[in-house]
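Please read the structure below before turning to the comments.
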Amino acid sequence: MKSKYDKSRRKFLHDIGLAGLSIPFISAVGNCNEETKKQKTMSAKNGKLGIALVGLGGYAGGQLAPALLQTEHCYLAGIVTGTPSKAVTWKEKYNIPDKNIYSYDNYDSIKDNPDIDIIYVVLPNNMHAEYTIRGFEAGKHVICEKPMAITVEDCDKMLAASKKANKLLSIGYRLHFEPYNLEMVRLGTQKMYGNLKKISGGFGFRAGPSQWRLTQKYAGGGPLMDVGIYVIQGMCYTSGMEPIAVTAVEGVKTDLEKFKEVEQSLTWQFEFPGGLIGEGITSYADNMNFLKAEADKGTFELTSAYNYNGQKGNTPEGPMNFSTVNQQARQMDAFALSVKNNKKSIVPGEMGKRDVKYLQAVYEAMRTGKRIEIK
């Protein structure tokens with residue numbers, strides 16, 4: 001017999017529109033064999049929208065491309081890369097026709113390719129705005145990885161390009177399709193344990209040397225831009241509120257050469273309406289991964305919150321227990337359905353712009369040592 005807890009959770013998922021996506025709870029760790037991959041990529045794509053991945057780095061190759069073998073409403077139709085050797089490998093692995101393989105030099109000619117419906121920009125942060133805008137100018141819908149851009153001004157340009165082209169923009173916020181994080185949303189916004197008293201989160205890992213994420217020009221900042229944004233998101237969707245002010249402190253740099261351009265770590269404190277405080281921490285030197293909400297009637301939390309799989313959570317009633325899903329497959333399928341139905345993404349460009357505004361406010365507070373009001 002299902003408990004009231006189970007029923008209310010199912011109702012919440014249905015009410016916010018995810019239960020109707022017809023997206024299966026797929027294992028994120030299962031791998032198709034090579035023959036199955038070829039069958040899927042060679043089969044007719046009846047009703048599926050074609051996605052082209054722009055940038056073939058670790059996330060595109062390790063997460064997005066495999067997820068596109070499991071999607072119901074979209075498929076990997078094309079690629080854009082500046083590395084010819086990658087093009088050869090991807091062509092063979094995913095059976096991508098030559099006409100759907102682009103370089104950065106001929107990227108704009110993608111406008112003439114009816115196989116491509118959606119462009120997914122998976123490039124360094126400073127390139128998000130340019131390739132998203134050019135994607136819209138090519139007449140395609142766009143998914144842009146987080147953060148949406150480095151500046152709010154660039155976010156505005158991206159939104160304007162989306163409106164001008166009459167095409168949809170979505171941001172790669174995969175955790176909005178992950179059941180443990182969705183449960184944090186339900187428990188917090190429906191006040192299942194009363195009003196929130198405090199919310200906290202942290203995400204960090206030990207970053208290796210010599211990568212674009214450690215370069216201000218490409219990343220726009222350090223761990224806050226890369227993984228701290230997940231903590232900011234978690235605070236907002238768990239509380240259902242937006243911060244009104246922030247203070248922040250940069251952590252001590254233990255490796256001055258490695259972190260000569262960006263912060264090694266930082267902590268911040270958001271003020272939310274009603275007196276709720278949100279405490280965040282992010283780091284490129286320490287491992288952490290949690291989202292915690294303290295309410296009148298108890299604490300609910302994720303002790304592994306932001307990974308691609310393996311989430312763990314607890315409530316006053318016991319551990320959370322959900323099936324593993326492929327977050328990226330659900331995310332891309334949801335956007336494909338948004339395009340098919342001409343319906344705005346649940347993680348739209350406006351949300352991406354909002355978060356860039358928060359990121360910049362945190363950095364301003366860190367640099368100045370002042371309390372920064374968020375308008």
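The values are calculated or read from the model by the stated rules, or taken from the named source; none is laboratory data. From a predicted model like this one, the values you see are computed outputs, not experimental measurements. Backbone-built Cβ (ideal geometry, glycine too); neighbour counts: all protein chains shown.
Numbers for the structure displayed
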| read-out | value |
| --- | --- |
| Test result for Pro316, in contact with a strand residue (DSSP E or B) (Cβ under 7 Å, 6 or more places away or on another chain), surrounded by fewer than 21 Cβ atoms within 10 Å (Cβ to Cβ), in contact (Cβ under 8 Å) with a residue 12 or more places away in the chain and closer than 30 Å to Lys167 by Cα | no |
| Of residues in region 250-298 being free of Cβ contacts under 8 Å to residues at least 24 places away in the same chain and among the β-branched types (Val, Ile, Thr), the one surrounded by the most Cβ atoms within 10 Å (Cβ to Cβ) | Thr267 |
| Flag if Asn181 is of a type in the set (S, T, N, Q), within 30 Å of Ala295 (Cβ to Cβ) and part of a helix (DSSP H, G or I) | yes |
| Pair list, Cβ under 8 Å, 6 or more apart: region 139-152 residue more than 14 Å from Met351 (Cα to Cα), other residue of a type in the set (D, E, K, R) | Gly139/Lys111; Gly139/Lys167; Lys140/Lys111; Lys140/Asp117; Lys140/Lys167; His141/Asp117; His141/Lys167; Val142/Lys167 |
| Condition check for Asp115: in a helix (DSSP H, G or I), in the same structural domain as Ile51 (by TED's automatic domain parsing) and in contact with a helix residue (DSSP H, G or I) (Cβ under 8 Å, 6 or more places away or on another chain) | no |
| Where a residue in region 81-102 is in the same structural domain as Gly61 (by TED's automatic domain parsing) and at pLDDT 95 or above and its partner, wherever it lies, is among the acidic types (Asp, Glu) and not in a helix (DSSP H, G or I), with Cβ under 6 Å and at least six apart | Asn100/Asp115 |
| Filtered residue count, region 146-169, keeping only those that are farther than 16 Å from Gln63 by Cβ and outside any helix (DSSP H, G or I) | 9 |
| Pairs, first more than 17 Å from Leu175 (Cβ to Cβ) and outside the structural domain of Ile118 (by TED's automatic domain parsing) in region 335-346, second of a type in the set (Phe, Trp, Tyr) and surrounded by fewer than 20 Cβ atoms within 10 Å (Cβ to Cβ), C-beta under 7 Å, six or more apart | none |
| Among residues of region 68-80, those that are hydroxyl-bearing (Ser, Thr, Tyr) and either under 16 Å from Asn113 (Cα atoms) or not assigned by TED's automatic domain parsing to the domain that holds Gly58 (or both), counted | 1 |
| Which numbered condition Tyr218 fails, given (1) in a helix (DSSP H, G or I); (2) closer than 25 Å to Met320 by Cα; (3) aromatic (Phe, Trp, Tyr) | (2) |
| Residue satisfying condition, being outside the structural domain of Phe272 (by TED's automatic domain parsing), part of a helix (DSSP H, G or I) and either in contact with a strand residue (DSSP E or B) (Cβ under 7 Å, 6 or more places away or on another chain) or under 18 Å from Ser338 (Cα atoms) (or both), within set Gly188, Gly135 | Gly135 |
